[in-house]
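Here is the structure we will look at.
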Ligand code: AMP
């Protein structure tokens with residue numbers, strides 16, 4: 001069965017068509033600037049050339065119509081007609097406490113996702129628009145919602161409660177939820193396969209280091225803690241997000257800079273992280289690595305702070321699990337940058353981590369990168385959230 005995986009943002013839409021039986025990618029692409037002047041679709045059939053077409057898309061229904069035309073078109077098509085698409089898997093950012101697993105989409109499920117909109121006001125409404133558009137254009141095709149938060153729903157209370165009046169949890173469900181769950185789940189399962197150990201008997205720490213970044217602790221097959229919180233703003237220093245800060249900074253800055261809370265929150269989300277720390281130089285870790293190698297002070301302070309924060313979380317999760325068998329690196333930076341892995345692992349001497357420099361210099365492959373005698377293993381595992389969504393979707397509709 002072919003599964004269409006849809007990841008809908010407010011003005012963008014990423015898609016992949018995956019053959020569930022072989023797990024091979026059939027085609028992928030991206031619609032950008034939906035509802036804005038200059039919208040475009042890029043489309044790449046597996047093994048073929050990427051084609052980008054600038055074409056108006058007034059809304060997500062237009063975008064999905066174009067995606068389906070590309071997939072079935074005479075010249076570009078990879079399937080004969082829409083009947084060859086057996087199901088659609090939708091990435092949904094926030095499932096609140098309601099969704100601890102993926103689920104087949106029904107009217108009730110849509111209502112329950114809508115109830116979570118408050119918790120992810122930028123993301124969930126966009127995800128719902130994607131579902132609505134697909135239902136219009138592919139009536140009768142089963143659809144599945146796969147939540148970024150679901151994997152973390154196994155966290156115990158002591159990990160997900162904040163130290164604020166309990167009534168705020170009761171009234172508004174303010175708590176840690178965590179994100180990137182599909183990636184943390186995929187990478188931790190893959191780690192168990194690579195280590196040839198039972199997933200339910202391992203203590204794993206997964207560092208998902210991309211433009212957004214989070215760490216999770218997975219003990220005996222269950223997530224027991226993760227660094228992102230009610231929203232993706234908490235935790236590590238990220239591309240443009242601040243991660244953990246003293247909440248009192250917000251009022252302090254409002255007063256000093258004569259700005260509103262939402263202006264400061266916008267800065268914490270979009271102008272902070274490594275972009276902010278480097279004095280506005282770049283949110284792209286490649287640029288920062290280059291500048292670091294050249295000895296630029298702004299890059300050194302930024303990358304030092306980034307690596308230190310990751311190492312601090314790893315230490316916290318070793319304590320939370322009373323040990324760790326393996327630390328896994330994934331996502332854009334984690335998969336590709338030997339530089340950052342080395343910098344973080346330099347803090348892990350107490351775990352008996354001994355990196356193999358040659359293995360650590362490789363990138364983008366499933367690999368144990370520590371020496372044979374390393375007491376704790378370190379792995380790099382390219383994440384594949386789309387494949388994970390396709391698997392979940394297939395499991396529910398087959
Ligand atoms: P993601 O959000 O997972 O797509 O990751 C994006 C981030 O990964 C960007 O900041 C990139 O600079 C970073 N990245 C991708 N490739 C590399 C690389 N070869 N070395 C360092 N950083 C990389």
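Conditions first: (1) within 16 Å of the ligand (Cβ to nearest atom); (2) surrounded by fewer than 16 Cβ atoms within 10 Å (Cβ to Cβ). Residue 319 passes all but one, so which condition is the exception?
Just one mismatch for residue 319, condition (1).
Just checking, how many residues over segment 117-162 are touching a helix residue (DSSP H, G or I) at 6+ places or on another chain (Cβ under 7 Å), outside any helix (DSSP H, G or I) and surrounded by fewer than 21 Cβ atoms within 10 Å (Cβ to Cβ)?
Residues in segment 117-162 being touching a helix residue (DSSP H, G or I) at 6+ places or on another chain (Cβ under 7 Å), outside any helix (DSSP H, G or I) and surrounded by fewer than 21 Cβ atoms within 10 Å (Cβ to Cβ): 3 in total.
For residues that are more than 24 Å from residue 302 (Cβ to Cβ) and at pLDDT 95 or above, scanning just segment 359-368, find the one that is nearest to the ligand (Cβ to nearest atom).
Per the stated criteria, the residue is 362.
Mind counting the residues in segment 334-358 that are away from the ligand (no atom under 16 Å from the Cβ) and closer than 26 Å to residue 291 by Cβ? Write out each step before concluding.
Let us first name the residues in segment 334-358 that are away from the ligand (no atom under 16 Å from the Cβ), namely 346-358.
Now narrow it down to the ones that are closer than 26 Å to residue 291 by Cβ: 346-348, 355, 357-358.
Residues in segment 334-358 being away from the ligand (no atom under 16 Å from the Cβ) and closer than 26 Å to residue 291 by Cβ: 6 in total.
With 50, 75, 58, 80 as the choices, which residue is loosely packed, with under 13 Cβ neighbours inside 10 Å and in contact with a strand residue (DSSP E or B) (Cβ under 9 Å, 6 or more places away or on another chain)? Give the steps one after another, and end with the answer.
Working: 75 fails: in contact with a strand residue (DSSP E or B) (Cβ under 9 Å, 6 or more places away or on another chain); 58 fails: in contact with a strand residue (DSSP E or B) (Cβ under 9 Å, 6 or more places away or on another chain); 80 fails: in contact with a strand residue (DSSP E or B) (Cβ under 9 Å, 6 or more places away or on another chain).
Criteria check complete, one pass: 50.
Which members of segment 357-398 meet the condition of being under 21 Å from residue 311 (Cβ atoms) and in a helix (DSSP H, G or I)?
Within segment 357-398, 357, 359, 360 meet the criteria.
Please indicate, with yes or no, whether at least one residue in segment 343-364 is in contact with a helix residue (DSSP H, G or I) (Cβ under 7 Å, 6 or more places away or on another chain), touching a residue at least 60 places away in the same chain (Cβ under 8 Å) and buried (at least 22 other Cβ atoms within 10 Å of the Cβ).
yes
Here is a list: 331, 326. Which entry is in contact (Cβ under 8 Å) with a residue 24 or more places away in the chain, in contact with a strand residue (DSSP E or B) (Cβ under 7 Å, 6 or more places away or on another chain) and within 16 Å of the ligand (Cβ to nearest atom)?
331
Yes or no: residue 224 in contact with a strand residue (DSSP E or B) (Cβ under 9 Å, 6 or more places away or on another chain) and at pLDDT 95 or above?
So residue 224 passes the test.
Within segment 54-67, count every residue that is farther than 18 Å from residue 128 by Cα and part of a helix (DSSP H, G or I).
Adding up the residues that qualify gives 1.
Condition first: over 24 Å from residue 336 (Cα atoms) and part of a loop (DSSP other than H, G, I, E, B). Now tell me which residues in segment 212-225 satisfy that.
Correct list: 220, 221.
What about residue 178, is it in contact with a strand residue (DSSP E or B) (Cβ under 6 Å, 6 or more places away or on another chain), in contact (Cβ under 8 Å) with a residue 40 or more places away in the chain and assigned to a loop (DSSP other than H, G, I, E, B)? Quick ask: steps written out before the conclusion?
On the way: in contact with a strand residue (DSSP E or B) (Cβ under 6 Å, 6 or more places away or on another chain): yes; in contact (Cβ under 8 Å) with a residue 40 or more places away in the chain: yes; assigned to a loop (DSSP other than H, G, I, E, B): yes.
The answer is yes for residue 178.
Is it the case that segment 204-212 has a residue that's away from the ligand (no atom under 15 Å from the Cβ), at pLDDT 95 or above, under 17 Å from residue 379 (Cα atoms) and in contact with a helix residue (DSSP H, G or I) (Cβ under 6 Å, 6 or more places away or on another chain)?
Yes: segment 204-212 contains one or more residues that are away from the ligand (no atom under 15 Å from the Cβ), at pLDDT 95 or above, under 17 Å from residue 379 (Cα atoms) and in contact with a helix residue (DSSP H, G or I) (Cβ under 6 Å, 6 or more places away or on another chain).
Here is a check on your reading of the model: is residue 282 more than 10 Å from the ligand (Cβ to nearest atom) and within 16 Å of residue 237 (Cα to Cα)? Give the derivation first.
Values: more than 10 Å from the ligand (Cβ to nearest atom): no; within 16 Å of residue 237 (Cα to Cα): yes.
It is false that residue 282 is more than 10 Å from the ligand (Cβ to nearest atom) and within 16 Å of residue 237 (Cα to Cα).
Which condition breaks for residue 223 when tested against (1) within 16 Å of the ligand (Cβ to nearest atom); (2) touching a helix residue (DSSP H, G or I) at 6+ places or on another chain (Cβ under 6 Å)?
Among (1) within 16 Å of the ligand (Cβ to nearest atom); (2) touching a helix residue (DSSP H, G or I) at 6+ places or on another chain (Cβ under 6 Å), residue 223 violates only (1).
Looking at segment 189-211, which of the residues that are assigned to a loop (DSSP other than H, G, I, E, B) and touching a residue at least 60 places away in the same chain (Cβ under 8 Å) is surrounded by the fewest Cβ atoms within 10 Å (Cβ to Cβ)?
The qualifying residue surrounded by the fewest Cβ atoms within 10 Å (Cβ to Cβ) is 197.
The values are calculated or read from the model by the stated rules, or taken from the named source; none is laboratory data. In this text, all values refer to a predicted model and were calculated from it rather than measured experimentally. Quick reminder, even Gly has a Cβ in these numbers, built from the backbone with ideal geometry, and neighbours come from all protein chains shown.
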